[in-house]
Every structure is written in structure tokens, then in C-alpha cells.
Amino acid sequence: MKELRSVVNPSSYGHITVHLKELMAQKGITRYRLAKLADTRFEVVDKWCSGTVERIDADVLARFCYILDCEITDIIKYNL
């Protein structure tokens, strides 16, 4: 069995990066338009675009993927 790792300090376990802004630019969609299509607040989309989202809401992420016709990994990435 593989030994489990523990979190010693924040830099030891990597981080998540959000690429929604870049994907939206490629698809030609604005924050306002995505918020309307996803039936969510502009502030939610804005936090995703600025990379300051604190909690990932799976339902919102699924809506973004559906609207933008993409995979989850196109929007968020884990970096060690």
C-alpha cells in the first residue's frame, strides 16, 4: 500500500489554477454573458475569471463546461 502524504506547509501540496478567463476569450464570451447563460451572479464568474474562487461549486463548474463545450481540465488544473 502506498504511503499517504500529509500537508506540512501550503507550498508542499501544490495549487489549483483557473483558466476560465483564457477559455472565455478563445470562445468569444464575456463574463456578463456567461453569468446569464449559467444562471449565476456576475460576481461568481468574476471570481472564477480572476482566479480568486475559494470554493469550487461542482454545479457551477458543470454549467460552465456545458456552455463552453469543454472539459473540467480545460478550466481548472492542479499544479504540484
Where residue 5 falls short, out of the listed (1) closer than 21 Å to residue 78 by Cα; (2) surrounded by 10 or more Cβ atoms within 10 Å (Cβ to Cβ): (2)
Selection from region 55-80 of residues that are over 11 Å from the mean Cα position of the chain (by Cα) and over 16 Å from residue 16 (Cβ atoms): 59, 63, 66, 67, 68, 69, 70
Lone unmet requirement of (1) open to solvent by 90 Å² or more (accessible area, probe 1.4 Å); (2) outside any helix (DSSP H, G or I) for residue 77: (1)
Close pairs from region 59-70: first closer than 17 Å to residue 25 by Cβ, partner open to solvent by less than 10 Å² (accessible area, probe 1.4 Å) and aromatic (Phe, Trp, Tyr), Cβ under 9 Å, at least 6 apart: 64/48; 70/64
Yes/no for residue 52 being exposed (fewer than 15 other Cβ atoms within 10 Å of the Cβ) and under 10 Å from the mean Cα position of the chain (by Cα): yes
Hits in region 22-40 (condition: under 12 Å from residue 74 (Cα atoms) and either open to solvent by less than 100 Å² (accessible area, probe 1.4 Å) or in contact with a Phe, Trp or Tyr (Cβ under 8 Å, 6 or more places away or on another chain) (or both)): 22, 23, 24
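The values are calculated or read from the model by the stated rules, or taken from the named source; none is laboratory data. Treat the numbers as computed from the prediction; the structure is a model and nothing was measured. As a convention, Cβ positions derive from the backbone with ideal geometry for all residues, glycine included, and neighbour counts pool all protein chains shown. These area figures cover heavy atoms from the full protein model, side chains too; ligands, DNA and RNA do not enter into them. Shrake-Rupley method; radii C 1.70, N 1.55, O 1.52, S 1.80 Å.
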